[in-house]
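Undergrad: My questions will all concern the structure given below.
Just so it is clear, none of the values below were taken in a lab; they were calculated from the coordinates. Note that this is a predicted model, so its numbers are computed, not measured. FYI the Cβ positions are ideal-geometry reconstructions off the backbone, even for glycines, and counts take in every protein chain you see.
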Amino acid sequence: MSSTRSTAGRGETRPSTGERGAGTRERGAGTRERGAGTRERIVQQSADLFRLQGYSATGVKQIVEAAQAPFGSLYHFFPGGKEQLGAEAIRVSGALYEQLIPAVLDPAPDPVTGVRNFFAGAAEHLRETDYADACPIATVALEVSSTSEPMREACAEVFNEWIDATSTRLGAAGVPRRRARALALTLLCSLEGAFVLARALRSTEPLEHAGDASAALVRQALAPRRSRARR
């Protein structure tokens, strides 16, 4: 049976009900895909701009222009405006940067080398970006933690996830659980503080010294296990 019907007196054909329904679904799917793409561009461009120039210095107009999106689309996807968008951008950036932890630590022959490599990689990236691209979260956290609770919560959530991811790997290497978390927190403090000094001094020296000190702390934390293994 034909899937189209003839229109009497005009020699035209019209799609059947099934075909019209399928076409509507395809157009709807295409619209959703375009919408998802627009939303992703807005979030990604926001994250990039916040990281490089800060939250307060980044305007909504600049975000939609960078994302090549209609102005109204930002409020369509984020009814809460810039603050809601900012919290989402923080979480997306945080998840992306968290992938660096296994990417750098897991291939290393031991945790001490892995930590040293992490700081060395951070120093190299900072130098390559002319000291403009450091931590994507700290830049915003310093600005908004006292003025925006949703943004503060997003930053805290990301930092805790980084601490947990690092603590898990230290624990797997033999560092006792409670000490592993304290050590992971210390490593993050060292990294973030070194970023601030490195950008201000326009030198990777703070990251290099922080990397050496952090590696020494990890070696010290693993010493009891190595001592037991030799017995």
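Undergrad: Of L217, L187, how do they rank once you tally other Cβ atoms within 10 Å and put the fewest first?
TA: Fewest to most other Cβ atoms nearby, the residues stand as L217, L187.
Undergrad: Using a 10 Å cut-off around each Cβ, can you sort K82, K61 from fewest to most neighbouring Cβ atoms?
TA: If I rank by nearby Cβ atoms, fewest first, I get K61, K82.
Undergrad: Return the tail of the calculated pair distribution for the range 93-230, meaning the percent of Cα-Cα pairs more than 28 Å apart. Display every interim value, and only then the final one.
TA: Details: 1661 of 9453 pairs.
The proportion of pairs with Cα distances above 28 Å equals 18 percent.
Undergrad: Quick check: Cα centre of the range 58-123 to Cα centre of the range 157-188, how many Å?
TA: 20 Å
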